[in-house]
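The values are calculated or read from the model by the stated rules, or taken from the named source; none is laboratory data. Model, not experiment: these values are computed from the prediction. So basically every Cβ, Gly included, is an ideal-geometry build from the backbone, and we count neighbours across all protein chains shown.
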Amino acid sequence: MLTALGGAGAFGLAGCIGGSGGGSGSGSGKPDSIRYLGWGGNTQDSAKQLFEKWSEESGVKVQHTSAGGDSEFISRLKQNPGEFDLVNFSSYGISIARNEDLLGEIDFSKLPNYTENMQEAFQNAPYVKSDEKSDTVFRDPVTQGYTYNTDEVDQELTSWGDLLNEQFTDQVALRDDPLSRFANAALAIGTNINEIVNDDALYQKTIERMKQEHRVVFKYWGSGAQAIQLLREGNAMIAEIWGGRTLALQDAGYEQMKYVLPEEGTFVLDENYNIPKASEKSDTVHELLNWSYKRENAIELSTNLGYPIMIKDPPKEIQNMPDYVDSIDQLSWPTWNDVLPSLDQMQRDFQKVKQG
């Protein structure tokens, strides 16, 4: 399975999940608590900090459980039906959960703050169904461009093509992930991941582009922490990485690190809210989600996350985030039904590229 989305191949469970307590959100009054399943780390902590304010207002406690990624989310939902009421899936997880019939409906008539405050383009992101009742609430994009050390690079970098400059030979670190490499290499040659999996000629051109990149690469990194370490310690002049990670690096005092969202576009991860079909507390979860998308609450969560919640007329603190985009067209989402069948072949071809 994919490793591209936060350890999405991890299926193991540490143990049984306890009951979430309280009654149903439909027909038996408000529950005492609801349970949120998220990614852990700052992503989880930021949601917890905001949700605690809602708990103070509503009297409903939000219990937090973290897991290693989408595939573990799927496993937990299947093995513990009814235990979780809100999940922080990516589009990959959503595609799998839909196939497993694990997602409940989102009634957008109950989310006026979301429909009024979020940019319409992101409400209608490619994988988000846009009818009256869907199964996904979009939260924020996580772009995967690259960061460079301005103390070491004496020119402004703006594109994927800039990476191929000979002066960067053995100075570039790229992500050790076939999906990421094919997606961003496809953008570099003027196409996208969804087109190349259905066109043999474009697929081969993408491989040739990856071979060109390989000539300047000294390291393929396996975790975001490793990429940041390579930049921080001066081992990499340039590293493919997420914008929010770069923002954290800058906040830690490394202001010379500059993030580039390349002009050709970038592969995007994403974070969303979904209500499991087995949850009996959908009404209460809708109340939490609607509260979360009040403008001031969305801004607070976005600021804590370090990733832009794409509200209308965003304040400067959101516009200045590395992952903020002026247009959704700058982002490249996989169409998972097309891409997943090609993933094994991508893995094999990526290994060949790395072997030189």
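Would you please name the residue that is surrounded by the fewest Cβ atoms within 10 Å (Cβ to Cβ), looking only at residues in the stretch 195-227 that are closer than 30 Å to Asn42 by Cα and aliphatic (A, V, I, L, M)?
It comes out as Ala225.
Does the stretch 249-263 contain any residue that is assigned by TED's automatic domain parsing to the domain that holds Gly93, in a loop (DSSP other than H, G, I, E, B) and among the acidic types (Asp, Glu)?
Within the stretch 249-263 (the criterion being assigned by TED's automatic domain parsing to the domain that holds Gly93, in a loop (DSSP other than H, G, I, E, B) and among the acidic types (Asp, Glu)), the answer is no, since none of the residues qualifies.
Please work out which residue is farthest from the chain's Cα centre (by Cα), limiting yourself to the stretch 229-243 and to residues that are in a helix (DSSP H, G or I) and surrounded by 23 or more Cβ atoms within 10 Å (Cβ to Cβ).
So the residue we want is Leu231.
Any idea which of Leu289, Leu301, Leu340 is at pLDDT below 95 and touching a helix residue (DSSP H, G or I) at 6+ places or on another chain (Cβ under 8 Å)?
Leu340
Which one of these does Pro341 not meet: (1) in a helix (DSSP H, G or I); (2) more than 22 Å from Gln44 (Cα to Cα); (3) not assigned by TED's automatic domain parsing to the domain that holds Tyr259?
Failing condition for Pro341: (3).
Read through the list (1) small (Gly, Ala, Ser); (2) in contact with a Ser or Thr (Cβ under 9 Å, 6 or more places away or on another chain); (3) at pLDDT below 95, then give the number of the only condition that Gly356 fails.
That leaves (2) as the condition not met.
Only helices (runs of 4 or more DSSP H) wholly contained in the stretch 282-336 count here; list those with 1 or more residues that are more than 30 Å from Gly82 (Cβ to Cβ) and touching a Leu at 6+ places or on another chain (Cβ under 7 Å).
Because the criterion is at least 1 residues that are more than 30 Å from Gly82 (Cβ to Cβ) and touching a Leu at 6+ places or on another chain (Cβ under 7 Å), the helices (runs of 4 or more DSSP H) in the stretch 282-336 that meet it are 295-305.
Go through Asp85, Asp135, Asp107 for me and flag whichever is surrounded by fewer than 17 Cβ atoms within 10 Å (Cβ to Cβ) and under 15 Å from Ser279 (Cα atoms).
Going through Asp85, Asp135, Asp107 in turn, the sole match is Asp107.
Which fully enclosed helices (runs of 4 or more DSSP H) of the stretch 152-228 have 3 or more residues being closer than 19 Å to Trp242 by Cα, assigned by TED's automatic domain parsing to the domain that holds Ala239 and under 27 Å from the mean Cα position of the chain (by Cα)?
Per the criteria, 178-188.
For (1) modelled with pLDDT of 95 or more; (2) β-branched (Val, Ile, Thr), each residue gets a yes or a no:
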residue	(1), (2)
Arg76	yes, no
Val87	yes, yes
Ser95	no, no
Leu103	yes, no
Lys110	yes, no
Tyr127	no, no
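Between a residue in the stretch 308-332 that is over 22 Å from Arg245 (Cβ atoms) and surrounded by 19 or more Cβ atoms within 10 Å (Cβ to Cβ) and any residue that is of a type in the set (Lys, Arg) and modelled with pLDDT of 95 or more, which pairs come within a Cβ distance under 8 Å, given they are 6 or more apart or on different chains?
What qualifies is Ile311/Arg295.
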